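Below: one structure, written as structure tokens.
Just so you know, all these numbers are worked out from the coordinates, no wet-lab data involved. This one's a predicted model, so the numbers in the text were calculated from it and none came from an experiment. Glycine gets a Cβ as well: all are built from the backbone with ideal geometry, and neighbour counts include every protein chain shown.
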Amino acid sequence: MKVVPLTCALGAEIQGVNLAEAGRNADMAGEIKALLLQHKVLFARGQDMSDAEHAGFARIFGTLEDHPLVKSATGEPGIIQIWKTPESPSEPYENNWHHDATWREDPPMGAVLRCLECPPVGGDTMWANMELAYERLPDPVKETIAGLRARHSMEATFMAAKPANDRLAMKARFPDPEHPVVRTHPETGHKSLMTGGFITHFTNFHTPRNIRVGQDFHPGMSNLLEYLVSQSFIPEYQMRWRWQANDVAIWDNRCTQHYAVMDYPPCHRRMNRATIQGDRPF
């Protein structure tokens, strides 16, 4: 196996590897898991896998989970189909910086995404290193956000355009969880920013430390939230992958955000994703 770093911030391509085989080979699986912790996002080209092999490889990282709004592959409930067509290019949208499914109490550990069909040009995916984003924050900002917590919501994002009964039923199924703004990686101990597209507001900002008078609350909270969310926009923290059919991406959702660039309609883009269950952020 050859490992080729892709940027100074994150990402590496692994060459000379068969991921389907890695799903059955403990030594190879262990090496890939170690590389993921090091590089945060891994890529392998030329992986002609079945859905069953895709799921088998993804399970080296943990148990798979489905998605309440995205169709699963026939016979493989752990593989969801993120298929964009000219008729439905943005259901649900992905062109927003986000950690996957932070609207869950236990957001995913990561994901394995396989490209079945992609446009000849466009449809790239970008990732951002949120450990680097936290590390390079000014010290006064780090002091302000230490211990800060925030609410994340499916209701306010994917469900916002749905009828009220559907929206409230989904909220009852997935109540908006509260997560730390600064997350500690359970395996490496590194800290990272946990913000992204599903965050709605801070839950413990309104304290004497942050509020002089009541008028401080909304601009103070909103401006800080906007600033933290914007850290994933910084190019020095990012990488961008140009897809080919049979490419596979593996990412650590605990310390990265990603953004699927929606620049390719009216072309087709078909991706199958295995999402790996995670644990509660701390």
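Apply the Karplus parameterisation 6.51 cos²θ - 1.76 cosθ + 1.60, with θ equal to phi minus 60°, to every residue of segment 56-71 and state each ³J(HN,Hα) to the nearest whole Hz, in sequence, with x for glycine and proline.
x, 5, 4, 6, 5, 8, x, 6, 8, 9, 8, 10, x, 10, 10, 5
Return the aspartates and glutamates within reach of LYS171: Cα separation strictly under 12 angstrom, same-chain partners fewer than 8 residues apart disregarded; answer none if there are no such residues.
Candidates past the 8-residue exclusion: GLU155.
For segment 195-210, take each phi angle, set θ = phi - 60°, evaluate the Karplus expression 6.51 cos²θ - 1.76 cosθ + 1.60, and give the result in whole Hz per residue in order, putting x for glycine and proline.
For segment 195-210, the Karplus curve yields 10, x, x, 9, 6, 10, 6, 7, 9, 9, 7, 7, 10, x, 5, 9 Hz.
Would you work out if segment 147-213 is rounded, prolate or oblate? Take a ≥ b ≥ c from the square roots of the eigenvalues of the alpha-carbon gyration tensor; rounded if a/c is under 1.5, else prolate when a/b is larger than b/c, oblate otherwise.
Cα axes put segment 147-213 in the oblate bin.
Rounding to the nearest 10 and keeping the result within 0 to 90°, find how far the Cα-based axis of helix 217-229 lies from the longest principal axis of the chain.
So the inclination is approximately 20 degrees.
Where the convex hull is taken over the Cα atoms of segment 195-282, what is its projected area averaged over directions, in nm²?
Taking the Cα atoms of segment 195-282, their convex hull projects to 8.8 nm² on average.
In the structure displayed, which of LYS2/LYS84; LYS84/LYS142; LYS2/LYS71; LYS33/LYS191 lie more than 28 Å apart, Cα to Cα?
From LYS2/LYS84; LYS84/LYS142; LYS2/LYS71; LYS33/LYS191, over 28 Å: LYS2/LYS84; LYS84/LYS142; LYS2/LYS71.
Largest first and in whole Å, give the semi-axes of the chain's equivalent ellipsoid, each being the square root of 5 times a Cα gyration tensor eigenvalue.
Its equivalent ellipsoid spans semi-axes of 32, 22, 18 Å.
Could you check the simple spin-label distance between GLN15 and SER222, using points 7 Å along Cα→Cβ, in nm with one decimal?
The two pseudo-label positions are separated by 5.1 nm.
Could you quote the convex hull projected area for segment 141-266, Cα atoms only and averaged over all directions, in nm²?
Value for segment 141-266: 11.5 nm².
Please give the peptides 177-188, 195-206 ranked by average Cβ packing (other Cβ atoms within 10 Å per residue), highest first, as a rough proxy for protection.
Listed from highest to lowest mean packing, they are 195-206, 177-188.
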